[in-house]
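See structure below.
The values are calculated or read from the model by the stated rules, or taken from the named source; none is laboratory data. The shown structure was predicted, so the numbers you read here are calculated from the model rather than taken from an experiment. Reconstructed Cβ throughout: ideal geometry from the backbone, glycine too, with neighbour counts over all protein chains shown. All accessible areas refer to the heavy atoms of the entire protein, side chains included, with ligands and DNA or RNA removed. Shrake-Rupley method; radii C 1.70, N 1.55, O 1.52, S 1.80 Å.
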Amino acid sequence: MKLINLHEFKQIWKLKCKTFLNKMTLWFQLVLFMTLVISMITFIQIYREYTSTRSTTIRNLTDTTEKLLELETKNLENYLSDLANFCILPCYDFRLTKMIEQKSSFTDDQLQYIKEQMYYYYYTRGDIDDYHIFLLNQNLSIGRGMRQQRITVSSCDISALNDIYETCVNNRHNHVIYPAENPNSFFTYYHTMIRIQDRNPQALVKIQVDRSYLNQLLPNHSEHGELLLLSDQNGNLIYSSRDSMIDSSEDLKDILTTLQTHRSGYETVMISDEEYLFITSGNVADDIQLLSFTPLSYIDSQIGHIRSSLIISGIFIWLCAILLINMFIRFLTNPLKVLSRQMERTGSGDFHTMIHTGGSREITELSQSFNSMVIHIDELIKRTYLAELSEKNARLTALEAQINPHFLYNTLQAISTEALLNDQPKINKMITSLASNLRYTIKGGDLVSLKREMEYVRDYIYLQKMRMDHNLTVQIEIQPETEECLIPKISIQTLVENSIIHGIRPETGSIVIQISSKRIDDNIVISVLDNGCGISKEQLSVLYSDFEEQDKSCTNGGIGLVNLYTRLKLLYTKPADLTIHTEYGKYTEIILTLPIT
C-alpha cells in the first residue's frame, strides 16, 4: 500500500474543501463563516464576563474576610492577654510567691493555703476546663481538672515538661499554646511564673480553655462551609473547625508551613482533592494566627445564577446574530459589512457603540433592534455586577456598625437633637443621661474618681426619677476632700440600684436614699442608707455566705453585691470591705471602706 505524506494529505483536504464550497452559494458561505466567528466571540465574551465576575466576587469575599479576621485577631490578642494576667495572679500574693520559690517540702498548712488560693483563682474565671501549676522546685502538680471536684496535689516528673518549659522561656511572652488535650476544649495554654529579682522561672502554669470563646468565633465562619484554623508562627496547627479533614489530610501541615510567611491577601490551595481560597489577616496575635479556608465551590455556587444568565444571553445574541447575518448577506452586501464590523466590536466587549446604517427600512429596523439588544445586555451585566458588590458592601457595613459602639452613641445623639428640635427638653435630658451612662460603663478603667462616679450616679438617679417621680428621694453629702479619691467603677450605682430594687416597701411604693462619703484616717468611707423594708437575718446570713464563697449564681437578689465584693478583693491589695447594717422592716445601710488612692 502506498503511503501518503503530510504534504499530499493537506493538498487532498484543501481540494475537497474547495470543491464543497464551490457547490454553495455566496450567501451560504458567508453565513457559515460568520456563524463560526460569532460563536467564538460569544463564547469568549461569556467566558470573560464570567471570569471577571468570579474574580470580583473573590476579591470582595477576601476583603470582607480579611477585615473580619483582623477584628477577631485583635479580640483574640486581648483574650490571650487576659489569660496571661490570670496565670500570674499568684505573683500578687506575697505569701504564695514565697511558697512557690521555696525549695524545702511544704507543711500541711502551706499546702492547704496553696489549695485554697488555687480554688479561689479557678473560680474567678468561667472559661477554664483544666487549671494546674507545676512547681519546678518541688516536683509537684497542684490544680483541678474537668473531672475533678476539688484541688489536688500530686507529684510529677518536671523533666517531662522540659520541652514546654524551654519553649515558654524562649518565647518573648513567656507562654506557649498547644492543641487541646480534650476534644471538647479550645486549646491548652502554658505560661511561666518567674522570680522578678533574677527572672528565674519558678513554676509552669497550665490552662485548658473551654469552647465558650470559640462559640462566639465560629458563627462568623460557618455559613458557607469555611474552614477556620488557628496556628502558631511555626506553622503548627493549634485548632481546626473541622477535625475530620485535619486527620485525613497530611498535606495540610505542609500547606501551613509553606503559607506561614503569608500575612495578607489570598491564595488557592488544594486540600483533600478540593480547592480552597486561603485568606489571612496582616495581624498576628501573640505569635498565633487565624487562617480561613473557603471552598471555591461555594463561590461558584454564589455566582451560578450569573453564569446561567450570561450563557442564556450569549445564546440569545448568537441566535439573533445568525438570523441577522442571513438576512443582510442575501439582500444588502455593503450594509452587512458594516454590521459585521460592529458586531465584532460588540463581541470584544464594547457595549456603548451604536449601529447607524441605512439603505432600506428593514436594515434600519434591524440596526435599531441590535442597538436595543446591546443596551439591554449592558444594563443586565452592570445590574448583576453592582448587585453583587452592593450585597458584599452592605454585609461589611452592617458588621462594622454592629462592632463599633460609636454607632450607638451617634444614634442616641441624633435622637436627642431631634427631641430638642421638637421642643422636648425632658426627652433630650433623658437620652443625654442614658448616652452618658452608656459611655461611662464601656470606657475607662476599673478605678475612677469619686467625683466622676457621682456624675454617673446622678444621671442614673435622674433616669430613675423620671420613672418613679416623687416616690424616689435621694440626698447626697460628699465631702470635698474625698472627691478625687479613686473607687471601683459603678460601685455606688450598684448600691443605689440595690436599694431601689429590693428596698421599696410594697405598701408605700416609695423610698428615701442617703449617699455620703467621708475620710477616716487612710480610708474613705462611703455609705448608702435607705428607709426601705430592710433585710431579714436569714437573707443577710445567706448574702454574707455568698460573699465568702463569691457565688455569682445566687438567687436571693444579691448578685450585684457579690460582684462588687469580688471586685474589691481583686482590685485592692490593702484591706477593703463591704459591710451591711440593717433592721428588717426599717432600714438598710451598706458601707464601703476603701484605702485612699
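Of all the residues in region 141-172, those that are in contact (Cβ under 8 Å) with a residue 24 or more places away in the chain, of a type outside the set (G, A, S) and not in a loop (DSSP other than H, G, I, E, B) number 9. What do you reckon, is L495 open to solvent by less than 60 Å² (accessible area, probe 1.4 Å), in a helix (DSSP H, G or I) and in contact with a strand residue (DSSP E or B) (Cβ under 6 Å, 6 or more places away or on another chain)? Judged against the criteria, L495 is a match. If the condition is being out of contact with any Pro (no Cβ under 7 Å at 6 or more places or on another chain) and not aliphatic (A, V, I, L, M), then region 173-187 contributes H173, N174, H175, Y178, P179, E181, N182, P183, N184, S185, F186. Listed by first and then second residue, the pairs with beta-carbon distance under 6 Å, at least 6 apart or on different chains, first residue in region 454-474 and in a helix (DSSP H, G or I), second modelled with pLDDT of 85 or more and open to solvent by 30 Å² or more (accessible area, probe 1.4 Å), are I461/V474; N471/S510. Taking residues in region 564-590 that are open to solvent by less than 70 Å² (accessible area, probe 1.4 Å), and partners anywhere that are of a type in the set (K, R), the pairs with Cβ atoms closer than 8 Å and at least 6 places apart or on different chains are T566/K552; A576/K569.
The rows are residues; the columns are (1) modelled with pLDDT under 85; (2) surrounded by fewer than 14 Cβ atoms within 10 Å (Cβ to Cβ); (3) under 30 Å from F278 (Cβ atoms).
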{"position": "L21", "(1), (2), (3)": "yes, yes, no"}
{"position": "E77", "(1), (2), (3)": "no, no, yes"}
{"position": "I88", "(1), (2), (3)": "no, no, no"}
{"position": "C91", "(1), (2), (3)": "no, no, no"}
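Inspect all residues belonging to region 448-460 and state whether any of them is modelled with pLDDT under 80, open to solvent by less than 90 Å² (accessible area, probe 1.4 Å) and on the phi < 0 side of the Ramachandran plot. Checked against the condition, which is being modelled with pLDDT under 80, open to solvent by less than 90 Å² (accessible area, probe 1.4 Å) and on the phi < 0 side of the Ramachandran plot, region 448-460 yields no hits at all.
From the list K537, K518, the lone residue that is modelled with pLDDT of 90 or more, over 33 Å from the mean Cα position of the chain (by Cα) and of a type in the set (K, R) is K518. Those residues that are over 19 Å from C91 (Cα atoms) and buried (at least 21 other Cβ atoms within 10 Å of the Cβ), I need them from region 106-128; list them, please. I128 - this is the single residue of region 106-128 that is over 19 Å from C91 (Cα atoms) and buried (at least 21 other Cβ atoms within 10 Å of the Cβ).
Quick test for you: out of D63, D82, pick the one residue that is open to solvent by 40 Å² or more (accessible area, probe 1.4 Å), assigned to a helix (DSSP H, G or I) and closer than 21 Å to D127 by Cα. None of the other options fit; the residue is D82.
For Y190, the requirement of being surrounded by 21 or more Cβ atoms within 10 Å (Cβ to Cβ) and in contact (Cβ under 8 Å) with a residue 12 or more places away in the chain is met. Of all residues in region 107-136, those that are among the acidic types (D, E) have Cβ atoms under 6 Å from Cβ atoms of residues that are open to solvent by 40 Å² or more (accessible area, probe 1.4 Å) and part of a helix (DSSP H, G or I), 6 or more apart or on another chain, in D127/S212. Residue count for region 97-115 under the criterion of being among the acidic types (D, E) and at pLDDT 90 or above: the result is 1. Restricting attention to region 96-105 and to residues that are out of contact with any helix residue (DSSP H, G or I) (no Cβ under 9 Å at 6 or more places or on another chain) and not in a helix (DSSP H, G or I), the residue that is least open to solvent (accessible area, probe 1.4 Å) turns out to be S104. What are the residues in region 214-224 that are in contact with a helix residue (DSSP H, G or I) (Cβ under 7 Å, 6 or more places away or on another chain) and either free of Cβ contacts under 8 Å to residues at least 24 places away in the same chain or surrounded by 15 or more Cβ atoms within 10 Å (Cβ to Cβ) (or both), if any? If the condition is that a residue be in contact with a helix residue (DSSP H, G or I) (Cβ under 7 Å, 6 or more places away or on another chain) and either free of Cβ contacts under 8 Å to residues at least 24 places away in the same chain or surrounded by 15 or more Cβ atoms within 10 Å (Cβ to Cβ) (or both), then L217, N220 are the ones that fit.
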